[in-house]
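Take a look at the structure below.
The values are calculated or read from the model by the stated rules, or taken from the named source; none is laboratory data. Since the model is a prediction, treat every value here as computed from it, not as a measurement. Backbone-built Cβ (ideal geometry, glycine too); neighbour counts: all protein chains shown. To get the accessible areas, we keep the full protein, side chains included, count just its heavy atoms, and leave off ligands, DNA and RNA. Shrake-Rupley method; radii C 1.70, N 1.55, O 1.52, S 1.80 Å.
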Amino acid sequence: MGEVKMMKARGAEIPVCPRSLGAAAAGGNACVTMRRLRIVALLLAPCWVAAAPQVFDFGTDRSEVCEGGVRVTAADAFDTAAGHGWRSTEGLRAVAKAYRERVENRSRGIAEPPPIWTHPITEDAIVGDRANAFRVRLGSGEHDVYCVLGTSDPAFRAQYFDFVVRVGGEERRVQIEGCYPFRVERFRARVGAEPLSIEFDPRSKWVASAVIAWPVADAATALDKIVGPLEDWIFRMPPEEWARWREEPAPEPGPAHDASGADKQRGFTLFTRPCLECIYPGTQPRPSECDPTLRLFAAPGEYEPANFIIRPLRDLPAARIEVGPIGPVPAASIDVRRVRYMRARPNYTVSGRYREVPDALERFEALPLRAGRNERVWFTLRIPEDAAPGLYRGEIVFRCGGATARVPVELRVLPIRLREDPSKIFGIYYRHPIDLAFEAKDDASRAHFRKRAEMEHADMVAHGTRNIVLSIYTPPADAAGKFAFRWEPLAEKLDLWKKHGFAGPVVMGINTDGVYERHMKERYGSHLRGVKAPPPAFSEEITRMVRAIEAERAARGWPEFLYYPVDEPGHGTAEVEFMVTVLKACRAAGVRTYATADPTAEVFGPMRPHVDVWCTQPFAPDRETVLSDSRARKVEYWCYPNHVNGENDHTPVAGARMTYGFGFWRSGFRALIPWIYSASTGDPFNYLDGYAQDFFNRSEPDGTPMPVVLWEAYREGYDDFRYIHTLEQLIAEAKARGGAAAGAASGAERELRGVWDAIRVQEKYKHDGLWSPAEFDVYRWIIARQILAIQDAIGPSK
């Protein structure tokens, strides 16, 4: 703790010691520098000193307090002498959870980073269940008030905080789901003789970690010396941890672009690239890409993306986008977003290395632009189901710094009705919000999680996904052999399944580890790392559990369940022998089993007679083996393509589209079911905290899904697959008709075979060996053209 750590804080280096912003080392003076003393002097100065920020650190009577801050507990009512306190102490609760050291993960057998690294301000908070106010006496004049809002306490994982913060004439709505995310809000208020009230007005509950106030005249100092370092700690990590991380080199940006005179005058270059091509902050435009016309084609009911990139030549003020109707697509059906760059690890659990990658698609709002840092604007057009075919034109207007750029858009709506292939499954692993709804303690939180589940199911359907992995929990059987299932959460999940038209068997996780623990008096650990052979009573209990689940499933008319006893077993002999045991126990109940393991690995050979559905990360085995085994033994092959889900890499966008469309078509597999719709370990927008990086879809504060680029690529691949399937169906129908229709079918077959042969078959489609990003739409257009040719040959449907 005694070592001085230097942290960049808005252009200036200041010494910061572990665990506390500018805190001195316990029992030493290594952190006592003149600059630190000046910062602490600011915090300790009496309130009547003009240049004195006041820090009120909310928490318990024992939690750590930011050095120079004032402890405020739930019992501290406003006191005239103290000059601060709560309007009322009723309904207040102080909470604290510090994360200062690595934590042991017994399942993995390692010590790993905590979910977040807490600062003395963020390790504790005050939670309120009714309207209240923190009152503070400040000197007369204008003051800035800075609120830190959120909690590190995991006891609130199922809490939805929804409240208004009001200071003077300003108010902000704050919505925070669970623990770990923090919000900061800054207000400006004129203060007179009376204490200033910082009001908290909840719709559910409110939470606050600190209030910091300073005279407006000292804003620059407060922001540089206090707020800047604090936000670096909260939204990135502590300086001593951050010092261990290094940024990897950015991809080659390309030749430097020579901006035109017109671009120099307006202050930016506008260009486009295919949506499948990643654009980094420093990517340079090519001359042929500048001032583009955006051209799209789509079928009714389809979602189609487009984009352009702004490369600022100097710092520019807030930019705005104006979108009008484009043919049959109203402005309300054009989703406008920006690609947010995120610090991401190069692999799932890598620590100490990161790179800046294009990832989340945030709603576009007016924002300033920085010179030399690209801003990609992403549009998604929803073509109405009843859109008439034709070529339509419109424009998107970009305004910034007094300059205007008009981007022409051409949309061709095709007279095609894309068909679904009922034999294929597009699914995804999913952490279901309904579980949090049943865990929540108040109506507002329960309503929030149910609404989030609804919105996410609708989002899945809009992206072609209609299957999710579920689980049913019960403790091991009691002394009488009875199970205590909680059917209500599963019933609600399957009601949503039915409401949103989900299909296919349900992959159903069961509490295998709990039953194992009952019989072995210990858990087996991640990937069965510590498993031992259980007694026969273990298998008997698993069989009885599965039979009990099956009886309820049949009584309620639910879809078939595929029983999923263990995720990703290890390769050792003990692990495989245990898998054989538990799979046999499940099948003894007359059900089908599901295993996440590589069927081509020799070590898993003993499992083969007991697995009905193999789910494997790559497209392996090859198509011929898959089809042959499926015919011979009625075995299914599913793929969970985590290599294009962001778990290890946020950038294989073209690989994601290939996996979901042309690659899936060639694979012979029945289903795609990646891990996972959304994964977070700590702050959902800090991919570097916690033991593993966050990935895939994010959420807006109210729970509305926020897509990532890879999720949009999934949909493009899903649409590719629908174009292919539609053509294959029409070819079969045209052949049956004979005559001119059969002739058109023969031509279409040749073209489709050309597309088939052009695919460079791979087990994992990521970056290498793919078509160029622009070629994907060329191949889709080849297929679309053949659909139109067959439709013309067949003639209008009667």
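Which angle from 0 to 90°, rounded to the nearest 10, does the C-alpha axis of helix 709-737 make with the longest principal axis of the chain? On a 0 to 90 degree scale, this one is about 20.
What net charge do the residues around GLU395 carry, taking every other residue with its C-beta under 15 Å from that of GLU395, with Lys and Arg at +1 and Asp and Glu at -1?
Details: positive: ARG295, ARG320, ARG393, ARG399, ARG406; negative: ASP291, GLU322, GLU410.
So the environment of GLU395 carries a net charge of +2.
Compute the distance from the alpha-carbon center of segment 501-517 to that of segment 259-303, in whole Å. Segment 501-517 and segment 259-303 have Cα centres spaced 46 Å from each other.
Which shape class applies to segment 395-447: rounded if a/c is under 1.5, otherwise prolate when a/b exceeds b/c and oblate if not, where a ≥ b ≥ c are the square roots of the Cα gyration tensor eigenvalues?
Details: a/c = 4.28, a/b = 1.42, b/c = 3.02.
It is oblate, given that a/c is not under 1.5 and a/b is not larger than b/c.
Ranked highest first by average number of other Cβ atoms within 10 Å, how do 245-253, 133-141, 597-605, 575-583 line up? Don't skip to the answer; put the middle values down first.
On the way: 245-253: 11.1, 133-141: 18.0, 597-605: 15.8, 575-583: 21.0.
So the order, starting with the most tightly packed, is 575-583, 133-141, 597-605, 245-253.
For the chain, the longest principal axis of the Cα atoms and the long axis of helix 487-499 meet at an angle of about 60 degrees.
State which entries of LYS424/LYS735; LYS424/LYS634; LYS225/LYS264; LYS482/LYS532 exceed 27 angstrom in Cα-Cα distance in the structure shown. Spell out each step's value before the answer.
Working: LYS424/LYS735 24 Å; LYS424/LYS634 15 Å; LYS225/LYS264 36 Å; LYS482/LYS532 25 Å.
Distance filter (> 27 Å) returns LYS225/LYS264.
Ranked from highest to lowest mean number of other Cβ atoms within 10 Å per residue, what is the order of the peptides 61-74, 704-717?
Working: 61-74: 19.2, 704-717: 23.3.
For the peptides 61-74, 704-717, the packing ranking is 704-717, 61-74.
Could you tell me how many degrees, from 0 to 90 and to the nearest 10, lie between the Cα long axis of helix 773-794 and the main elongation axis, the longest principal axis, of the Cα atoms of the chain? Helix 773-794 sits roughly 40 degrees off the main axis of the chain. For q = 0.06, 0.07, 0.09 Å⁻¹, what log10 I(q)/I(0) does the chain give under the Debye formula with an equal point scatterer on each alpha carbon and no solvent? Those come out to -0.46, -0.62, -1.01, one per q.
For the peptides 393-404, 420-431, 153-164, what is the packing order when you average, over each peptide's residues, the other Cβ atoms within 10 Å and list the highest mean first?
Numbers: 393-404: 15.7, 420-431: 17.8, 153-164: 20.3.
Descending mean neighbour count gives 153-164, 420-431, 393-404.
First check a/c for segment 646-740, with a ≥ b ≥ c the square roots of the eigenvalues of its C-alpha gyration tensor; if it is under 1.5, answer rounded, and if not, answer prolate when a/b is larger than b/c or oblate otherwise. Provide the component values of the computation, followed by the final result.
Working: a/c = 3.95, a/b = 2.80, b/c = 1.41.
Taking the square roots of the gyration eigenvalues as a ≥ b ≥ c, segment 646-740 is prolate.
The helix-only estimate of mean residue ellipticity at 222 nm for the chain, built from DSSP H runs of length n ≥ 4 each weighted as -39500 (n - 2.57), is -8500 deg cm²/dmol after division by the residue total. Rounded to the nearest 10 square angstrom, CYS278 shows an accessible area of 30 square angstrom against a 1.4 Å probe. Relative to the Cα centre, the charge distribution of segment 531-651, modelled as +1 at Lys and Arg Cβ and -1 at Asp and Glu Cβ, gives a dipole magnitude of about 600 debye. Dipole check for the chain: with +1 at the C-beta of Lys and Arg, -1 at the C-beta of Asp and Glu, and the Cα centre as origin, the magnitude is about 500 Debye.
Since only PRO705, ILE724, GLY769 are under comparison, the one whose Cα sits farthest along the positive direction of the charge dipole of segment 680-798, derived from C-beta charges on Lys, Arg, Asp and Glu, is ILE724. Gain on full extension, evaluated as 0.36 nm per residue between VAL164 and ARG631 minus their Cα-Cα distance, stands at 162.0 nm.
Suppose every K and R has +1 on its Cβ and every D and E has -1 on its Cβ; what is the size of the dipole of segment 267-372 about the Cα centre, in Debye to the nearest 20?
500
For segment 668-798, the pair-distance distribution built from all alpha carbon pairs, in bins 5 Å wide starting at 0, is 2, 8, 14, 16, 14, 12, 10, 9, 6, 4, 3, 2, 0 percent.
For the chain, what % of the accessible area comes from carbon and sulfur atoms, probe 1.4 Å? Roughly 50 percent, rounded to a whole number. If you take the alpha carbon atoms of segment 400-494 and fit the smallest convex hull around them, that volume is 210 Å³ per residue. Ranking ARG320, ARG295 by solvent-accessible area of protein heavy atoms (1.4 Å probe, all protein chains present), from largest to smallest, gives ARG295, ARG320. Could you compute how fast segment 259-414 diffuses translationally, taking Rh as the Kirkwood radius over C-alpha pairs and applying Stokes-Einstein at 10 °C with viscosity 1.306 mPa s? Give it in µm² per second. Translational diffusion coefficient: 96 µm²/s. On the beta carbon distance between HIS500 and ARG417, with R0 = 25 Å, the FRET formula returns roughly 0.75.
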